[in-house]
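A quick write-up on the structure given underneath.
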There are 2 protein chains.
Amino acid sequence: MARWAAGTPERLQKAALELFATRGFEQTTAAEIAEAVGLTERTFFRHFSEKREVLFHGQQALVEACRAGVAQAQPDASPMEVVAAALRAVGAFFTEERRPFSRARQAVIDQNPQLQERERHKLANLAAEIAAGLRDRGVGEVTAALAAECGMAVFAVAFGQWLRDDARSFAEITADVLAELHRLTAAPLPQG
Amino acid sequence: MARWAAGTPERLQKAALELFATRGFEQTTAAEIAEAVGLTERTFFRHFSEKREVLFHGQQALVEACRAGVAQAQPDASPMEVVAAALRAVGAFFTEERRPFSRARQAVIDQNPQLQERERHKLANLAAEIAAGLRDRGVGEVTAALAAECGMAVFAVAFGQWLRDDARSFAEITADVLAELHRLTAAPLPQG
């Protein structure tokens, strides 16, 4: 029983992704997803508060990785070094084996504004986690919020690249995008 | 008739904000908002596809200001200079007179995750507009996406500050946050 239960969310997620990809997100019900793995709608809603949440299973683990990444940064690390540490920790989830799943998931999200909003909210949660970690390190509120939001900008761009680009790992792409951020902002802005 | 019609979305928006603030977003219906300004639910839905959209009226004007800001930047402007120009154009909306409205609106949004997601989506639309403008200027895709996302990071942080901070204008706050972004990323990152 305990062994079964452990994998249930993952099984529901896999089945949901297949149904969403073939029939469309709107056209698939929670009951159909549950049925596809021999479960009831009631079981589905024991794991997920609503249908779309099945695509966001594992989110809490990302938030926790983010927190651990921040904690692992050196005590004297600069805010952007802390952000980079958080991105490395989060990036560990996006392995080569995960790429096909992530691509299929993204294809579903791209077709549904409601899911795009939910995905944005997920990134906002990660940003809030990094910002809180920076404030705990004594970084001022504006700087902490800005560094965290920029971290999520890097994550979003790197993630998009990773879905498209077969050759490089998530870690390599993220390091390149972070370097690009530094290049972009290297020149001082004219006061206008 | 035409004169009336011109202000209808704004009147609905104002009434909605008052009802959301006093009764809560969930507890207020589109029919009640319409009634508060002597209109029918049907009229409400002629202007807004769903209840929450009433809080996002004017969004298209922001996107267009963003586009105009990008177009006004010098042909040889760096990507971050183009972003700064877009932020200045968008910032023109957030006048001193608007601040109480923006604060009341934000208080409603802060209490509802669905509205927070919708707000994030609005920022994503602005980012997409800036990124498209940068690509039209020959900026590479990754750089364009990153600069645009960082622009929205600056906007989000500046907007939060502006809601809290009475002393400075939106333009001043944005300039400071942009300068902070440059400071944050001034030191090169160690390769890790």
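Every number here is computed from the coordinates shown, using simple stated rules; none is lab data. Nothing here was measured: the structure is a model prediction, and the numbers come from that model. Note that we place each Cβ from the backbone using ideal geometry, even for glycine, and neighbour counts take in every protein chain shown.
If each label sits 7 angstrom from Cα along the C-beta direction, how far apart, in nm, is B:V63 from its counterparts in the other copies? Label point to label point, same position, other copies: 3.1 nm. Position B:D165: other-copy label points at 3.5 nm, ordered by increasing distance, label point 7 Å along Cα→C-beta. Taking chymotrypsin sites (Phe, Trp or Tyr not before Pro) across region A:88-146, the ones in a DSSP loop with at most 13 further Cβ atoms lying within 10 angstrom of their Cβ are A:F93. Dividing the summed -39500 (n - 2.57) terms of all DSSP H runs of n ≥ 4 by the residue count of chain B sets its mean residue ellipticity at 222 nm at -23500 deg cm²/dmol. Separation of the alpha carbons by more than 26 angstrom is noted, of A:K51/B:K122; A:K51/B:K14; B:K51/B:K122; A:K14/A:K122, for A:K51/B:K14. Using Cβ point charges alone (K and R +1, D and E -1), the dipole size of the protein assembly as shown about the Cα centre works out to roughly 560 debye.
Taken about its Cα centre, region A:58-184 carries a charge dipole of roughly 240 debye when the Cβ of each Lys and Arg holds +1 and the Cβ of each Asp and Glu holds -1.
With a 10 Å cut-off around each Cβ of A:148-161, the average count of Cβ atoms from other chains is 5.
Computed 3J(HN,Hα) for region B:111-126, one whole-Hz value per residue from the Karplus formula 6.51 cos²θ - 1.76 cosθ + 1.60 where θ = phi - 60°, is 9, 9, x, 5, 6, 4, 5, 4, 5, 4, 5, 4, 4, 5, 5, 5, glycine and proline marked x. Evaluate the Kirkwood expression for the hydrodynamic radius of region A:1-125, namely the inverse of the mean inverse distance over all pairs of different C-alpha atoms, and round to one decimal in Å. For region A:1-125, the Kirkwood estimate is 16.0 Å.
Expressed as a fraction of 2.2 N^0.38 Å, the value expected for a compact globular protein of N residues, the C-alpha radius of gyration of region A:58-184 is 1.03. Taking the label point 7 Å along Cα→Cβ, B:R23 and its counterparts in the other copies are spaced 3.7 nm apart, in ascending order. Coupling constants for region B:136-151 follow from the phi torsions by the Karplus curve (6.51 cos²θ - 1.76 cosθ + 1.60, θ = phi - 60°), and in residue order they are 4, 8, x, 6, x, 4, 5, 4, 4, 5, 5, 4, 5, 5, 5, x Hz; glycine and proline get x. For region A:175-180, backbone phi angles converted through the Karplus equation (6.51, -1.76, 1.60; θ = phi - 60°) give residue-by-residue couplings of 4, 5, 5, 4, 5, 5 Hz, Gly and Pro being listed as x. The value of relative contact order for region B:102-192, using C-alpha pairs under 8 Å at least six residues apart, is 20 percent.
Using C-alpha pairs under 8 Å with a sequence gap of at least 6, the mean separation divided by the residue count of chain B gives a relative contact order of 19 percent. Summing charges over all other residues whose Cβ lies under 13 Å from the Cβ of B:V63, with Lys and Arg as +1 and Asp and Glu as -1, gives 0.
Could you please report the charge total around B:T43, scoring K, R as +1 and D, E as -1 over all other residues with beta-carbon less than 12 angstrom from its beta-carbon? Cβ neighbours under 12 Å give a net charge of +1. Overall size of the protein assembly as shown from C-alpha positions, given as principal axis extents largest first: 64, 53, 40 Å. Across all directions, the shadow cast by the convex hull of region B:2-51 built on its C-alpha atoms averages 3.1 square nanometres. Think of each Lys and Arg Cβ as +1 and each Asp and Glu Cβ as -1; about the Cα centre, that makes the dipole of region A:1-87 roughly 280 debye.
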